[in-house]
Each structure stands twice: as structure tokens, then as C-alpha cells.
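The values are calculated or read from the model by the stated rules, or taken from the named source; none is laboratory data. From a predicted model like this one, the values you see are computed outputs, not experimental measurements. Neighbour counts are summed over all protein chains in view; Cβ atoms, including those assigned to glycine, are modelled from backbone coordinates with ideal geometry. For the accessible areas, the whole protein counts, side chains as well, though only heavy atoms, and no ligand, DNA or RNA atoms are used. Shrake-Rupley method; radii C 1.70, N 1.55, O 1.52, S 1.80 Å.
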Amino acid sequence: TLPTQCYLCSLPAKDNYTELADGRVLCARDVKSVVLDEDEAHRICQDVKITLDRQLSRFISFPDNVTVEPLDRVDLQAMFKFAGNDFVCPNVWGCTQRQTNGNRVSYKISLLRGLPPPVLKATCAHELAHTWVSENVSPLRKATMNPDAVEGFCELVAYLLMEALNDEGQKE
């Protein structure tokens, strides 16, 4: 009957819980296992890119023109609200935006604050795969591709990273 539940383990949180700025609650146990520090999130994402570049260098290379920004859930979900899109996934962990300035293209990856490190790594890898698709698949080809094929490719990249890191839990 407790009104607060931990967003990670879904158990009621009675004492010593942490409430994030977006209203999510972390129990005392789970707050110890998530990434809340922005510098740590940037370091983890940089490590992910280095690992993927090494692991997949024979096949693909990921763009360097990428910035990473940890966001709260409210801000992250607001990125998906636009005319004609009334569907919002309750578990959005990341988003990639392509930005242009004249002839210069860059990417902004937004990642949900408060994820456990393995989830953050997999999400970062998934979003980096979106940047690769944007850089390497022609607009004509993208227009004919099923969105599930793109998402499947991005999940495959995340899976390959988790396999390289021997993270069986996240692979499942």
C-alpha cells in the first residue's frame, strides 16, 4: 500500500529512497547501482564507442561527430511528442537526433539518467548504431526499410557489445 515504488525493481520504497527530478524513485539498494553523475555517463559512453570501434573495425566505423547528453525521463519523452505521434513508449532509454548546420552533420544522443551501467552501455551502443545507419544508409534506402529492421540492427550492435563485455544478464 506504499505510494512509492522503485522504478528499477518495482518494490515499494518506504525509507531512504531517492527521488529523481523527473519523479522516478530509486530504493536505497538500487540507487547504489545506477549512473547519476553526468561525467561518469560521458566516460561510459566514450568507452562504449572505443570498444565498438575496436570490435567492429573490419565492418563499420561509428561517427565521431556525436555528443551525449543525459536527460531526465520527462525531457526524453518530450522529444517524441510531435503532431501525429500519440504513442509514447513508457521505457524510452535513449534517442538519437541528426543535426545539420550548413553542410556539417552532427548527432546528439540523449540517454536516460539513472540507468544501471550495463543498461546505459547497451543503450549507448544502440544509439550509436542509429548514427551509423544515418551516416551510411542512403535516404532512398532508408525510406524503403522497415523500421523494425533498423531497430533490429541497433539491437544487434548492442548485443555484440554485451557479448564482448561478457555481460550475460544484459544479453538476456
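Overall, the chain carries a charge dipole of about 360 debye about its Cα centre when +1 sits on the Cβ of Lys and Arg and -1 on the Cβ of Asp and Glu, all other atoms neutral.
When each of the peptides 146-156, 62-72 is scored by how many other beta carbons lie within 10 Å of its residues on average, the order from highest to lowest is 62-72, 146-156.
Average 1/r across all pairs of distinct alpha carbons in segment 1-53, invert it, and you get the Kirkwood radius: 12.5 Å. Taking all protein chains together and rolling a 1.4 Å probe, ILE50 ends up with roughly 70 Å² accessible. Cα-based radius of gyration for segment 1-101, normalised by 2.2 N^0.38 Å, reads 1.36. Against the criterion of solvent-accessible heavy-atom surface with a 1.4 angstrom probe, LYS81, LYS121 sort, most first, into LYS81, LYS121.
Its DSSP H runs of at least 4 residues, each contributing -39,500 (n - 2.57), put the calculated 222 nm mean residue ellipticity of the chain at -13000 deg cm²/dmol, to the nearest 500. Taking the charge dipole of the chain about its Cα centre, with +1 at Lys and Arg Cβ atoms and -1 at Asp and Glu Cβ atoms, the residue from SER134, TYR17, ILE109 reaching farthest to the positive side is SER134.
Please report, largest first and rounded to whole Å, the three semi-axes of the ellipsoid equivalent to segment 23-170, where each semi-axis is the square root of five times an eigenvalue of the C-alpha gyration tensor.
So the equivalent ellipsoid measures 24, 20, 15 Å along its semi-axes.
Across the options HIS42, ALA122, THR144, the greatest Cα extent toward the positive end of the charge dipole of segment 14-167 (unit charges at beta carbon of Lys, Arg, Asp, Glu) belongs to THR144.
Sorting THR51, THR1, THR144 on solvent-accessible area from highest to lowest, probe radius 1.4 Å, gives THR1, THR144, THR51.
Between the C-alpha center of segment 1-25 and that of segment 126-142 there is a gap of 37 Å. TRP132 accessible area, nearest 10 Å², 1.4 Å probe? It works out to around 50 Å². What is the gain in length, in nm to one decimal, between SER61 and ARG43 on full extension, counting 0.36 nm per residue of separation less the C-alpha to C-alpha distance? Between SER61 and ARG43, full extension yields an extra 4.6 nm.
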